[in-house]
Amino acid sequence: MRLTQKQETFCLKYFELGNASEAARIAKYSPKTAAVIGRENLLKPKIIERIAGLRQVAEDASIANVVERKQRLTIIMREDNFGKFGINRTSNISAADLLNKMDKIYSDGQVVNIDNRDLTINVLTSKSKKQVEKLIEGERTE
């Protein structure tokens, strides 16, 4: 069942104003019964669902998604930040750091440097950790 035009107008105005009586009057319900109809409307499942949908759309539109955040951080990372004593790179470095974290460039695994190559080892058990530590120390493992 769809909302009537009055119900849709009520939902939009209630979302905007937060006042059921005023929303009912603007939606062309009788001024004498607007307060009662406003309260009744707020109990109807379809109207509750519509108002919740309006709130969700407003919330979704106000929060930057991942792409927007990455774009903004990239702009900050690339811009020249002139401070009192010349160029201040703190915000550039912070933006680059956040972008790297978002893209999971950093890891918590151990890094072993062999011939200028990076090797990341993620150790899952304590037994494996002991074997990796022995390898790092140069000991043989069985």
Worksheet item: Is it the case that some residue within region 42-63 is under 23 Å from residue 102 (Cβ atoms) and outside any helix (DSSP H, G or I)?
Response: yes
Discussion item. Being of a type in the set (S, T, N, Q) and either within 38 Å of the chain's Cα centre (by Cα) or modelled with pLDDT under 65 (or both) is the filter here; which residues of region 122-139 pass it?
Written reply: 122, 125, 126, 128
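I'm trying to understand the selection: among the residues of region 64-100, which are of a type in the set (A, V, I, L, M, F, W, C), out of contact with any Lys or Arg (no Cβ under 9 Å at 6 or more places or on another chain) and either at pLDDT 75 or above or not in a helix (DSSP H, G or I) (or both)?
First, the residues of region 64-100 that are of a type in the set (A, V, I, L, M, F, W, C): 64, 66-67, 73, 75-77, 82, 85, 87, 93, 95-96, 98-99.
When the remaining residues are screened for being out of contact with any Lys or Arg (no Cβ under 9 Å at 6 or more places or on another chain), the result is 66-67, 73, 75-77, 82, 85, 87, 93, 96.
Scanning region 64-100 gives 67, 73, 75, 76, 77, 82, 85, 87, 93, 96.
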Worksheet entry | Where a residue in region 1-28 is more than 15 Å from residue 53 (Cβ to Cβ) and its partner, wherever it lies, is part of a loop (DSSP other than H, G, I, E, B) and of a type in the set (Lys, Arg), with Cβ under 7 Å and at least six apart | 6/28
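Can you say whether residue 25 is buried (at least 17 other Cβ atoms within 10 Å of the Cβ) and assigned to a helix (DSSP H, G or I), as far as the supplied structure shows?
On the way: buried (at least 17 other Cβ atoms within 10 Å of the Cβ): yes; assigned to a helix (DSSP H, G or I): yes.
Yes, satisfied.
Would you check which residues across region 21-58 are among the small types (Gly, Ala, Ser) and within 31 Å of the chain's Cα centre (by Cα) and list them?
First pass over region 21-58, keeping only residues among the small types (Gly, Ala, Ser): 21, 23-24, 27, 30, 34-35, 38, 52-53, 58.
Passing the criteria: 52, 53, 58.
Taking the criterion of being part of a helix (DSSP H, G or I) and modelled with pLDDT under 80, would at least one residue in region 101-121 satisfy it?
Yes, region 101-121 contains at least one residue that is part of a helix (DSSP H, G or I) and modelled with pLDDT under 80.
The values are calculated or read from the model by the stated rules, or taken from the named source; none is laboratory data. Keep in mind the model is a prediction, meaning the values are calculated, not measured. Reconstructed Cβ throughout: ideal geometry from the backbone, glycine too, with neighbour counts over all protein chains shown.
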